[in-house]
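Asks: Below is the structure I would like to discuss, written out as structure tokens.
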Amino acid sequence: MQRLNDNSVKGDQKVTALVTLVGSKTYTLAKDLVTREKPAELSYAELTKKIQDHLDPGPIIIEEIYRFVRCNQEMSETIPQYIYCKAKAKSVQCKFGANLNQRPCEQ
């Protein structure tokens, strides 16, 4: 996908080149991700975003919350070290939003 971003392949041809050059497994994946239309009918940006989002979905929120809840203060850590370094760092991936500053204190 990275090579298609250079100037040698223009606009509509990027999707055609991508669909032609990827292997059968990636094409089948792309076809499955866009069930209502053919991969060639999407723009290059839409198609590559769908594939990238599927292959690299990011952190699983419930798993991050579990890790946050299981986080324990070590004997050598002071309370401020625990809250502002360890607990707050673990809470960032939990997507607490506006409650981000309050949740680590509740831990």
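Asks: Full extension from residue 45 to residue 72: what is 0.36 nm times the residue separation minus their Cα-Cα distance, to one decimal in nm?
Replies: Working: separation 27, 0.36 × 27 = 9.72 nm, distance 4.29 nm.
Gain on stretching residue 45 to residue 72: 5.4 nm.
Asks: Taking a threshold of 32 Å on the Cα-Cα distance, which of the pairs 25/88; 49/88; 50/95 fall above it?
Replies: 25/88
Asks: Classify region 14-69 as rounded, prolate or oblate, taking a ≥ b ≥ c as the square roots of the eigenvalues of its Cα gyration tensor: rounded when a/c is under 1.5, otherwise prolate if a/b is larger than b/c and oblate if not.
Replies: Prolate shape, in that a/c is at least 1.5 and a/b is the bigger ratio.
Asks: Can you tell me the FRET efficiency between residue 64 and residue 37 if r is taken as the Cβ-Cβ distance and R0 is 30 Å, rounded to the nearest 0.05?
Replies: Once the sixth-power term is evaluated, E becomes 0.35.
No lab work stands behind these numbers, since they all come straight from the coordinates. Computed from a predicted model, the values in this text were never measured in an experiment. When we count neighbours, we look across all protein chains shown, and the Cβ atoms used for this are built from the backbone with ideal geometry, even at glycine.
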